[in-house]
Every structure is written in structure tokens, then in C-alpha cells.
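K.L.:
Handing you this structure, nothing more for now.
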């Protein structure tokens, strides 16, 4: 009888002394934690510490030229965190213009994923390790709601990898960029010889445009002035002419 009593006692003791489960979100932010104007929250909602305290830096860089971004064009956005001795990182990044989440964020590797109704990007468990510095990159396509200007917001975690939320540092950063001002007569110039309307899913072109799927397979060649491609399966496509390459998303 004593032997059978030992089993529940052992289980009870194990549960009592088992370490407290962490809510440190090693698999990514739950969303809405970028400290942006619309989100209004950051990682301190789950992690201890004072925002932007301690030693460390968080910066956002882009491939958007100084002249500004063009609607329907795709650019690379990079978030970088630096903190001496840190080996585990996390983040969430979003883009906003006025009261709107703006443009289309796209995943470019297996260390990140979309969250917050696809309006933000965060880390996956495969994208948390680093050695005093960590960078994540993603693509962003300026859309019709990106008119005027866009601000990228990000919250970045420097964690001590102790299995809980104590002792972590939260840093926030933002970067504002403007839309390129282009005269109407140059909209379909050599530099911008085709455009893609994200609302109507229509390509307007003066030259031949090849449409490739994400695997690199040619699925369509366009020679006409205007063609609707909404009949293609939802997914990521590459539009390519002799002068321009653009990544798009069909929903």
C-alpha cells in the first residue's frame, strides 16, 4: 500500500517545484506590440523592465531611395538590434500611414512570420539566436494606402535566456519615409514601364512583362496595354520587364 501512496505524493511534489512557465513568446509576438501609433503597446506588456532603458540599440533601415518609394514597388526592410553579451532576441515590426496599416509585408526567409492579421512581422523560434547583434529582413510593397508617407515601427527584445520574463530589455524604434513625387507624364517611363493596381489586380504596361510564381516558373507573358491577372491563384508573384522587377501579392 505504501508503494502506491508514493506515486501521487511524488507527482504532487514535482508539480509544486516545477519551474514557472514562461510567457516570453519564443515563437513570436502575439501581435500589436510594436509601440506604433495604432498598436499603442510594446513588449513590456509581457516582459519586465522599463522601455528603452539599459545599454543597447535598435535601428530600422530600408532599400527605399532618398527620393522616396513608389506605389506598387517592393523594398527590403531590415531591423537590427545590438546589445553586448546578448544571445537571444525577438521583435515585432509594422508599417502605418495615418490611421491605416499600410502596404504589404512579405516574409523572405524561415526565421520570421506574419502576425496581427498579416499587418506585422515577428520572429519564429528559428530566428531568435544571435551573438551581441541580430538582424531580420522582410519585404514591403507600397500600396494605394501608402500615399504620402509611411512610418515603420518596431519593438525589439534583448533577452537573457533565463526561461522567464525577468531581466529582459525592450527597445523601440521607428523610421518615417516619404512617397516619391513623380509627374504623371513619367508614370510609365523607362524606369517605371509597368504598374500593378493592387485593388483591381490589373497590370498596365507599355512593354512585355513576364509573370513568374514564387518558384520561378513563368506563368504569364503580357504584351497588351492593360490586363487583369485576378484569375491567377492567390500567392506571391514576380513581375519582370527589361527595365523593372517587382514582387506582388495576389489575395
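The values are calculated or read from the model by the stated rules, or taken from the named source; none is laboratory data. Keep in mind the model is a prediction, meaning the values are calculated, not measured. All Cβ positions, glycine included, derive from the backbone under ideal geometry; neighbour counts span all protein chains shown.
K.L.:
Taking the conditions exactly as written (over 13 Å from residue 154 (Cα atoms) and modelled with pLDDT of 95 or more), does residue 104 satisfy them or not? Spell out the reasoning first.
P.N.:
Details: over 13 Å from residue 154 (Cα atoms): yes; modelled with pLDDT of 95 or more: yes.
Yes: the conditions hold for residue 104.
K.L.:
Go over the candidates 111, 133 one by one and state the one that is over 24 Å from residue 38 (Cβ atoms), surrounded by fewer than 19 Cβ atoms within 10 Å (Cβ to Cβ) and touching a helix residue (DSSP H, G or I) at 6+ places or on another chain (Cβ under 6 Å).
P.N.:
111
K.L.:
Being modelled with pLDDT under 90, part of a strand (DSSP E or B) and not assigned by TED's automatic domain parsing to the domain that holds residue 64: is that true of residue 195 here?
P.N.:
The answer is yes for residue 195.
K.L.:
Quick one: which residue in 208, 221, 172, 159 is modelled with pLDDT under 85, touching a strand residue (DSSP E or B) at 6+ places or on another chain (Cβ under 7 Å) and farther than 18 Å from residue 70 by Cα?
P.N.:
Values: 208 fails: modelled with pLDDT under 85; 221 fails: modelled with pLDDT under 85; 172 fails: modelled with pLDDT under 85.
Just a single option satisfies the conditions, and that option is 159.
K.L.:
Continuing with this model, one more query. Name the residues in segment 25-51 that are in a loop (DSSP other than H, G, I, E, B) and either over 18 Å from the mean Cα position of the chain (by Cα) or modelled with pLDDT under 80 (or both), would you?
P.N.:
25, 26, 46, 47, 48, 49, 50, 51
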